[in-house]
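Each reported figure results from applying straightforward, stated rules to the coordinates on display, with no laboratory input. This one's a predicted model, so the numbers in the text were calculated from it and none came from an experiment. Here Cβ is always computed from backbone atoms with ideal geometry, including for glycine, and neighbour counts include all displayed protein chains.
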Amino acid sequence: MSLFAINAIYKASEGEGVHIGTPQVFVRFQGCNIGCVNCDSIDTWDFDAGERLTLDQVLAQVIEQGGDKFKRVSITGGDPLHPKLLPQVLQLVSVLKKKGYWVNVEAAGTRVVSELFDAIDFISFDYKTPCTKVKTNLSLVAKLATQFPNKFQIKSVIESRIDFDDVVQAKNELHSMLVNASVDTTFPWVLTPAFNLGESMPFERVLDVIAWNENEAQGFRVITQQHKILHGSEKKKV
């Protein structure tokens, strides 16, 4: 029997991105080897940690958390697209869709998995900025825009002007890559002002990112992390 590597399953309102404020059930998988230096979920890195649950146990917790009021699930991690976890994620998505759930997957920006992305309703895809010390291949964003129009957002953490300039350059390069392919590049690209572990609310950083975005007029959206504003940078399952 296949066991699922699970960090947590809980009900909360989406705290960031274009669906901010929407109640849903989060299924957080255990395991990630990407290594973002400013990761706020380091407890999800170890593939051997967390719980081991059957598919039926995962579904039971999803149903218990969501009840009959909403059938909306966000699959996150960890890195749910990691090859060790992907078969589990595909199994879960298949059953959730048959039961009528709306499903989002939080993708870390390291790979595009067409089999999974075709099956779900929405893709939240990271474009990593210099503050993470991880680099996203821009061709992956181009592939998303080409194959999955109108069902994804790009999210980027902005800690400094270096990060902002990086996403501006990336967006300009992406437009150049796709301009002759008749691919829409006006998809949602969300800038998330960094709210790092141990920090109090970084008002100055948020105001800076908003000002840069207004001055550059590149079509980004600045959306803060609602759950951290309400609960602080370290509280889990919110």
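Of all DSSP bridge pairs formed entirely within the chain, close to 30 percent run antiparallel.
Tell me, in nm to one decimal, what length is gained between Asp43 and Ser160 on full extension, where the rule is 0.36 nm per residue of separation less the Cα-Cα distance?
Numbers: separation 117, 0.36 × 117 = 42.12 nm, distance 2.53 nm.
Length gained, Asp43 through Ser160: 39.6 nm.
Can you work out the base-10 log of I(q)/I(0) for segment 1-117 at q = 0.10, 0.18, 0.22 1/Å, using the Debye formula on its C-alpha atoms alone? For the requested q values the scattering log ratios are -0.27, -0.92, -1.41.
Charge dipole of the chain (Cα centre as origin; +1 on each Lys and Arg Cβ, -1 on each Asp and Glu Cβ, all else neutral): 620 debye, rounded to the nearest 20. Taking Cβ separations below 4.7 Å as the criterion for a possible disulfide partner, the isolated cysteines in the chain are Cys32, Cys131. I need the fraction of alpha carbon pairs in segment 150-238 separated by more than 21 Å, rounded to a whole percent. Above the 21 Å cut-off, segment 150-238 has 37 percent of its Cα pairs.
Under 1.5 on a/c is rounded, so check that first for segment 73-210, then, if it is not, pick prolate when a/b is larger than b/c and oblate when it is not; a ≥ b ≥ c are the square roots of the alpha carbon gyration tensor eigenvalues. Provide the component values of the computation, followed by the final result.
Working: a/c = 2.07, a/b = 1.32, b/c = 1.57.
It comes out oblate by the Cα gyration axes.
Phi-derived couplings, Karplus 6.51 cos²θ - 1.76 cosθ + 1.60 at θ = phi - 60°, listed residue by residue for segment 32-38: 6, 10, 6, x, 4, 5, 10 Hz, with x used for Gly and Pro. Once both labels are positioned 7 Å from their Cα atoms along Cα-to-Cβ, the gap between Leu90 and Ser176 label points is 3.7 nm. The distance between label points at Ser139 and Asp68 comes to 5.1 nm (points 7 Å beyond Cα on the Cα→Cβ vector).
Calculated on C-alpha atoms, the gyration radius of the chain divided by its Kirkwood radius gives an Rg/Rh of 0.95. The equivalent ellipsoid that matches the C-alpha gyration tensor of segment 139-186 spans semi-axes of 21, 13, 7 angstrom, in descending order. In a Debye calculation with equal point scatterers on the alpha-carbon sites of segment 105-179 and no solvent, what is log10 I(q)/I(0) at q = 0.13, 0.15, 0.17, 0.25 Å⁻¹? Taking Cα atoms of segment 105-179 as identical point scatterers yields -0.37, -0.49, -0.63, -1.21.
Report the residue, chosen from His227, His19, His82, that carries the largest GNM mean-square fluctuation when the chain is represented by alpha-carbon nodes joined by springs under 10 Å. Residue with maximal mean-square fluctuation among His227, His19, His82: His19.
Dipole size of segment 75-133 about its Cα centre, with +1 on Lys/Arg Cβ and -1 on Asp/Glu Cβ: approximately 120 debye, rounded to the nearest 20. Here Lys97 is the anchor, and the aspartates and glutamates within straight C-alpha reach of less than 13 Å, apart from those fewer than 8 places off in the same chain, are Asp118, Asp121.
Using a simple spin-label model with pseudo-atoms 7 Å out from Cα toward Cβ, Thr54 and Ala211 lie 5.9 nm apart.
What does the C-alpha gyration tensor say about the overall shape of segment 1-49? Classify as rounded when a/c is under 1.5, otherwise prolate if a/b is larger than b/c, or oblate. Display every interim value, and only then the final one.
Values: a/c = 2.96, a/b = 1.31, b/c = 2.26.
Cα axes put segment 1-49 in the oblate bin.
Taking every DSSP helix (H) stretch of at least 4 residues in the chain, weighting each as -39,500 (n - 2.57) and dividing the sum by the residue count yields a mean residue ellipticity at 222 nm of -10000 deg cm²/dmol.
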